[in-house]
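Trainee: Quick one: the structure is below, questions incoming.
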Amino acid sequence: MNFTDSHCHLADPALRDRLPEILAQAAEQGVMRFIVPATQRSDWADVVQLLEMNTPFEPRVHIALGIHPWFAEAAAPQDFAELECLLLQYPQAWVGETGLDFLVNRPSETQKQRQIETFRRQLELAQRLQRPVIVHNVKATAAIADAAKRTGFTQGGIVHAFSGSVEEARILLHCGFKIGIGSLLLNPKAKKVRQVVAKLAWHDMVLETDSPFMLHNETNTPANVRRIAEIAAELSGVDLAETACKTEENISKLLKQTARPTDLK
């Protein structure tokens, strides 16, 4: 019974500096595959370097390259040109972490529009190159759906660390995204995400940790996907093995969109 951490920042120093230990702990819990997003130009090279851990016939680490909404205001035209070059160089890479955050740092209307512009440019790039995206969404579901519609985006991907309502989840599913169920599920007080898990079908969801973030007073790691899966299985009334099977199917379908021939062996 294997799992994928569909969103973990393995290039972050909190994890990178002890990566063999982190990956060994994950393997003990059955977490064998990892999707690692970048957040800004300064960490693209570090994320790409993680591909060196893969073997030609058993890729464990998959990457996404993008500009996070927190860094949208600082994004320069050359950043988008460099992003496109890297995505062409690494055809297996997704686009992300991108998206919108209308809560953190209380963005002004001008800053929100800058985020939207940066997000749309990445959706357009992902559509042109036929890549899934990893989407950060905080208080911005309607704007994300509008951006997907306006750009004609149809490549799918994951809205990660979902924290909204069932109704918001369904809006995003209608846009073609999977819902990332993550470390919020470890908090018994996180009622909205628990309702989402209880009411959505498993073909709509994937699992993640957002390591090394999301936990108070401890460093989050991909091994926690197993704990998240156990809670999710209980909430949905599906046994753990089926939860693992369904979520792995969802990830595998997305990964096949960008797989090289050797990745499929």
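The values are calculated or read from the model by the stated rules, or taken from the named source; none is laboratory data. Quick caveat, the model's predicted, so the values are computed rather than measured. All Cβ positions, glycine included, derive from the backbone under ideal geometry; neighbour counts span all protein chains shown. Please note that ligands, DNA and RNA were not included when accessible areas were found on the heavy atoms of the full protein model with its side chains. Shrake-Rupley method; radii C 1.70, N 1.55, O 1.52, S 1.80 Å.
Trainee: Where both partners of a DSSP beta bridge lie in the chain, what percent of those bridges are antiparallel, to the nearest 5?
Mentor: So the antiparallel bridges in the chain amount to around 5 percent.
Trainee: Residues with amide H under 5 Å of G157's amide H, sequence separation 5 or more or different chain, H placed in the peptide plane at 1.01 Å from N; which?
Mentor: Close amide H contacts, sequence-distant or interchain: V133, K178.
Trainee: Let's see if you can work this out: charge +1 on each Lys and Arg Cβ, -1 on each Asp and Glu Cβ, no other charges. What is the dipole magnitude of the chain about its Cα centre, in debye to the nearest 20?
Mentor: Once rounded to the nearest 20, the dipole reads 700 debye.
Trainee: Further question: How much net charge surrounds A169 when only other residues with a Cβ under 12 Å from its Cβ are counted (Lys, Arg +1; Asp, Glu -1)?
Mentor: Net charge around A169: +1.
Trainee: Also, I was wondering about something else. Just to check I understand the Karplus step: with θ = phi - 60° and J = 6.51 cos²θ - 1.76 cosθ + 1.60, what whole-Hz values come out for the stretch 70-76, glycine and proline as x?
Mentor: 5, 10, 5, 5, 8, 5, 10
Trainee: Further question on the same structure: Given Cα positions, please report Rg to Rh for the stretch 22-70, the hydrodynamic radius being the Kirkwood one.
Mentor: So for the stretch 22-70, dividing Rg by the Kirkwood Rh gives 1.03.
Trainee: Using C-alpha positions alone, give me the convex hull volume of the stretch 69-191 per residue in cubic angstrom.
Mentor: 106 Å³
Trainee: Let me ask something else about it. Skipping prolines and chain starts, which residues have an amide H placed within reach, meaning under 5 Å, of the one on M205, given they are 5 or more residues away or on another chain?
Mentor: For M205, whose amide H was placed from the backbone, the distant partners under 5 Å are I179.
Trainee: Separate question: With charges only on Cβ, +1 for K and R and -1 for D and E, what is the dipole size of the stretch 1-89 about its Cα centre, in debye, rounded to 20?
Mentor: 180 debye
Trainee: Follow-up question, since we're still on this one. Could you work out what % of the accessible surface of the chain is carbon and sulfur, using a 1.4 angstrom probe and leaving DNA, RNA and ligands out of the count?
Mentor: C and S fraction of accessible area: 50 percent.
Trainee: I've got another one for you. Rounding to the nearest 20 debye, state how big the charge dipole of the stretch 156-246 is about its Cα centre with +1 on each Lys and Arg Cβ and -1 on each Asp and Glu Cβ.
Mentor: 180 debye
Trainee: Grab the DSSP H runs of the chain that are 4 residues or longer, score each as -39,500 (n - 2.57), total them, divide by all residues and round the 222 nm result to the nearest 500 deg cm²/dmol.
Mentor: Result for the chain: -13500 deg cm²/dmol, rounded to the nearest 500.
Trainee: Each residue of the stretch 8-17 in order: what ³J(HN,Hα) in whole Hz does its phi give by Karplus 6.51 cos²θ - 1.76 cosθ + 1.60, θ = phi - 60°, with x for Gly and Pro?
Mentor: Per-residue couplings from phi come out as 8, 9, 5, 7, 5, x, 4, 10, 4, 6 Hz.
Trainee: Highest mean first, how do 221-230, 91-100 rank when packing is the count of other Cβ atoms within 10 Å averaged over residues?
Mentor: Final packing ranking: 91-100, 221-230.
Trainee: What is the ratio of the Cα radius of gyration of the stretch 1-136 to 2.2 N^0.38 Å, where N is its residue count, to two decimals?
Mentor: Compactness ratio reported: 1.09.
Trainee: I've got another one for you. Arrange the peptides 183-189, 131-137, 31-37, 232-238 so that the one whose residues have, on average, the most other Cβ atoms within 10 Å appears first.
Mentor: Answer by packing, highest mean first, reads 131-137, 31-37, 232-238, 183-189.
Trainee: Taking the DSSP beta bridges in the stretch 1-112 as the whole, what percent of them are antiparallel, to the nearest 5?
Mentor: 10 percent
Trainee: Considering only H160, H68, H216, give the residue with the highest GNM mean-square fluctuation for the chain, with springs between Cα atoms whenever their separation is below 10 Å.
Mentor: Looking only at H160, H68, H216, the largest GNM fluctuation is found for H216.
Trainee: A further question on this structure: Going by amide H atoms built from the backbone, whose H comes under 5 Å of the H on L65, apart from near neighbours?
Mentor: When sequence neighbours closer than 5 places are left aside, the close amide H contacts are A38, W94, V95, G96.
Trainee: Using a probe radius of 1.4 Å on heavy atoms only, what accessible surface per residue do you get for the chain? Whole Å² is fine.
Mentor: 46 Å²
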